[in-house]
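Q: Handing you this structure, nothing more for now.
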Amino acid sequence: MAGEAIDPKIARESESEGEEEEEIEEGWDDWRAGDGEDDEWAPLASVLCLFCTEKFDSSELLFKHCSVEHSFNFDGVVKNFGLDFYGSLKLVNYVRSKVSQNKCWSFDQAFECNQDMLNHLHANTTCLKKDAKFPWDDDMYLKPYLEDDPLLHSLSMDDDDYYDVNGDVSDVKLMDREEIIKQINRPNLEKLEDQLGKLMENGVGEEESKETNLKVVRKGAAARERKDVDEDYFGAYSSFGIHREMLSDKVRTDTYRDALLNNPSLLKEAVVIDVGCGTGILSLFAAQAGASKVVAVDASAKMASVATQIAKDNNVKVITVVHSMVEDIERNLQLEPRSVDVLVSEWMGYCLLYESMLSSVLFARDRYLKPGGAILPDTATIFAAGFGKGGTSMPFWENVYGFNMSCVGKELVQDAARVPIVDTIEPQDIITESAVVHSFDLVTMTQGDMDFTSTIELHLRPSHTGTHISWCHGLVLWFDTGFTDRFCKENPTNLSTSPFGPKTHWSQTILTFREPIAMCSENSKSVISAAAVSKEIGTEECPVSMVRIRVSIARASHRSIGISLETTAFGFDSKKNWPVQIFNL
């Protein structure tokens, strides 16, 4: 875990029932579509009509009812008036509030003060007066009128929401739908009225101006989201329990200590920057190794204060602790660009890239590291392998004090096919050879390299070959980071989170297939009946010898990642493709 990493409390399926409630914010998980076939958010509860007490199974049926029975075409209003995501949401809450105040209220009454607008609505035109003011413009309507209103979860954003003012993909597109909904409910949303007011003043006919204003609003919302996430993220580091967990991880801490203390030519009289210093343990190692100056940076006010006190208590005078994001360090400390000899950071998160602290490390590298300066670690590699039934919770539930409770295990496995599990997996449960998913060179990589797609092939390990069938239940990911002889010339070393090595606090990241795949070795094909060719690929009657997976990892939102798996299994002379699986970590 990075010096600023947080445990997302994604627990193994077999752990206590309470943990699932802790990891998912109140009630939001209930809106996930239950079939697991896509990532659409769909209300599972009945959706209440805007004008009467009838309920419907979907927003589509509700809006059709509103159009036929109440002469209110919601989609037409949104389209004709150019309403964005927030405008649509305000409209729903506005109508609900008015209907609640007066049961005889109709949508037409909303426009009594502006008959022209009413005429435009019924005429299905897109022409608005420049002075048009929507009655639902007030930001009070950003707050849901009905608690946990399923209708709000069905609202979607169109293409205009996906780009920033420069035409680039915006951070809002990268947000999960869940995060957008949470943002809507935040009481401290800044006012959107000015931006939306400008949008309306320009008129819907001025498309370029309209789109620009929409993009500005979206970009501001994304910036607020990032700020809120950062505050929660760094604030959580005031918990000493997190730091004790990291310091107690001997694989982690010993590797950094060895790299810093056992490479004297690298650290002697060096200027060092420690990005995300936490308690300052890496800064203390650097000072102990002979650094002339160590700049320890941490965005948690509490930990910056603690690190300062620890350095003082140990009489280490070369350490300067700065409370700041590394991107803002020059507001608090005069640090010349290209003035640092060594950049050290424990930035890694679950599945290596969770938390996106790597972006801060790359910023510090480009801004402060001297040409030819060292970055520790300087390489990182993500690995993958297929795991068997023992990597799931199924064995536990098949025999609970002599009773078969496998129905519970099956349900949990289905849940795990949508949510990644951070836990350790035993070496004997790995059934395939390991494969390299992706490698990073921290000296040359760019910010964009954090998003990637790779294709791997899984073959059974020698211990699982023979005439028997091995069932592959999913993919397990882990990572290594290298302190190579490029910089650590006297003592290169490696930090591994592999299931075949000592356990670390990073554990591994477990991605479960929707259905297991039967595998056999190449040599086993001859003993399988020719009739198996007509059977379904990946079953016991027709096992496969190789599974090919296209793995994509991308920053799904600020400090989180999305992982997708496109799985293809190869049998005798045929193959089978499974639907894409998407996991959010």
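Q: Report whether or not Pro337 is outside the structural domain of Thr424 (by the TED database), without any contact (Cβ under 8 Å) to a residue 60 or more places away in the chain and part of a loop (DSSP other than H, G, I, E, B).
A: In short, yes.
Q: Would you please name the residue that is modelled with the lowest pLDDT, looking only at residues in the stretch 63-115 that are open to solvent by 50 Å² or more (accessible area, probe 1.4 Å) and of a type in the set (Lys, Arg)?
A: Lys103
Per-residue answers, yes or no, for (1) acidic (Asp, Glu); (2) in contact with a Ser or Thr (Cβ under 9 Å, 6 or more places away or on another chain); (3) on the phi > 0 side of the Ramachandran plot:
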residue	(1), (2), (3)
Phe452	no, yes, no
Ile456	no, no, no
Ser470	no, yes, no
Glu490	yes, yes, no
Asn494	no, yes, no
Pro502	no, yes, no
Trp506	no, yes, no
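Q: Ok, one more. Taking the options Lys317, Lys312, name whichever one is of a type outside the set (Asp, Glu), open to solvent by 10 Å² or more (accessible area, probe 1.4 Å), outside any helix (DSSP H, G or I) and assigned by the TED database to the domain that holds Leu260. Before you say what the answer is, go through the steps one by one.
A: Working: Lys312 fails: outside any helix (DSSP H, G or I).
It is Lys317.
Q: Say we look at the stretch 337-377 and pick out the residues that are at pLDDT 95 or above and of a type in the set (D, E, K, R); which of these is least open to solvent (accessible area, probe 1.4 Å)?
A: Glu346
Q: Another question, then. Tell me, which residue of the stretch 479-521 that is acidic (Asp, Glu) and modelled with pLDDT of 95 or more is surrounded by the most Cβ atoms within 10 Å (Cβ to Cβ)?
A: Initial filter on the stretch 479-521 (acidic (Asp, Glu)): 480, 485, 490, 515.
Applying the additional criterion that residues be modelled with pLDDT of 95 or more yields 480, 485, 490.
Details: Asp480: 20, Asp485: 13, Glu490: 10.
Looking at residues that are acidic (Asp, Glu) and modelled with pLDDT of 95 or more, I get Asp480.
Q: While we're looking at this one, here's another question. So which residues in the stretch 238-287 are free of Cβ contacts under 8 Å to residues at least 40 places away in the same chain, in a loop (DSSP other than H, G, I, E, B) and open to solvent by 60 Å² or more (accessible area, probe 1.4 Å), if there are any at all?
A: Across the stretch 238-287, the qualifying residues are Lys268, Glu269.
Q: Sticking with this one: Mind checking which residues of the stretch 397-410 are open to solvent by 10 Å² or more (accessible area, probe 1.4 Å) and in contact (Cβ under 8 Å) with a residue 12 or more places away in the chain? Working first, answer last.
A: From the stretch 397-410, those open to solvent by 10 Å² or more (accessible area, probe 1.4 Å) are 397-408, 410; that's our starting set.
Those that are open to solvent by 10 Å² or more (accessible area, probe 1.4 Å) and in contact (Cβ under 8 Å) with a residue 12 or more places away in the chain: Trp397, Ser406, Lys410.
Q: Looking at (1) assigned to a strand (DSSP E or B); (2) within 21 Å of the chain's Cα centre (by Cα), which one does Glu355 not meet, given that it meets all the others?
A: Only one criterion in (1) assigned to a strand (DSSP E or B); (2) within 21 Å of the chain's Cα centre (by Cα) is unmet by Glu355, namely (1).
Q: Which of the residues spanning the stretch 292-306 are at pLDDT 95 or above, farther than 18 Å from Arg331 by Cβ and open to solvent by less than 10 Å² (accessible area, probe 1.4 Å)?
A: Once the filter is applied, which keeps residues that are at pLDDT 95 or above, farther than 18 Å from Arg331 by Cβ and open to solvent by less than 10 Å² (accessible area, probe 1.4 Å), the stretch 292-306 yields only Val294.
Q: I would also like to ask the following. Somewhere in the stretch 378-396, is a residue small (Gly, Ala, Ser), free of Cβ contacts under 8 Å to residues at least 24 places away in the same chain and open to solvent by less than 70 Å² (accessible area, probe 1.4 Å)? Write out each step before concluding.
A: We begin by selecting, within the stretch 378-396, every residue small (Gly, Ala, Ser); these are 380, 384-386, 388, 390-391, 393.
Applying the additional criterion that residues be free of Cβ contacts under 8 Å to residues at least 24 places away in the same chain yields none.
No, there is no match, as no residue in the stretch 378-396 is small (Gly, Ala, Ser), free of Cβ contacts under 8 Å to residues at least 24 places away in the same chain and open to solvent by less than 70 Å² (accessible area, probe 1.4 Å).
Q: When you look at Ser529, is it among the polar types (S, T, N, Q), modelled with pLDDT under 85, farther than 20 Å from Thr392 by Cα and open to solvent by 50 Å² or more (accessible area, probe 1.4 Å), yes or no?
A: On the way: among the polar types (S, T, N, Q): yes; modelled with pLDDT under 85: yes; farther than 20 Å from Thr392 by Cα: yes; open to solvent by 50 Å² or more (accessible area, probe 1.4 Å): yes.
So Ser529 fits the description; yes.
Q: A further question follows. Considering Val437, Val476, Val419, Val413, which residue is assigned to a helix (DSSP H, G or I), buried (at least 17 other Cβ atoms within 10 Å of the Cβ), within 27 Å of the chain's Cα centre (by Cα) and not assigned by the TED database to the domain that holds Arg338? So that I can check it myself, show each step before the final result.
A: Working: Val437 fails: assigned to a helix (DSSP H, G or I); Val476 fails: assigned to a helix (DSSP H, G or I); Val419 fails: assigned to a helix (DSSP H, G or I).
Going through Val437, Val476, Val419, Val413 in turn, just one is assigned to a helix (DSSP H, G or I), buried (at least 17 other Cβ atoms within 10 Å of the Cβ), within 27 Å of the chain's Cα centre (by Cα) and not assigned by the TED database to the domain that holds Arg338: Val413.
The values are calculated or read from the model by the stated rules, or taken from the named source; none is laboratory data. Everything numeric in this text was worked out from a predicted model, so none of it was measured. As a convention, Cβ positions derive from the backbone with ideal geometry for all residues, glycine included, and neighbour counts pool all protein chains shown. What goes into the accessible areas is simple: the full protein's heavy atoms, side chains included, and nothing from ligands, DNA or RNA. Shrake-Rupley method; radii C 1.70, N 1.55, O 1.52, S 1.80 Å.
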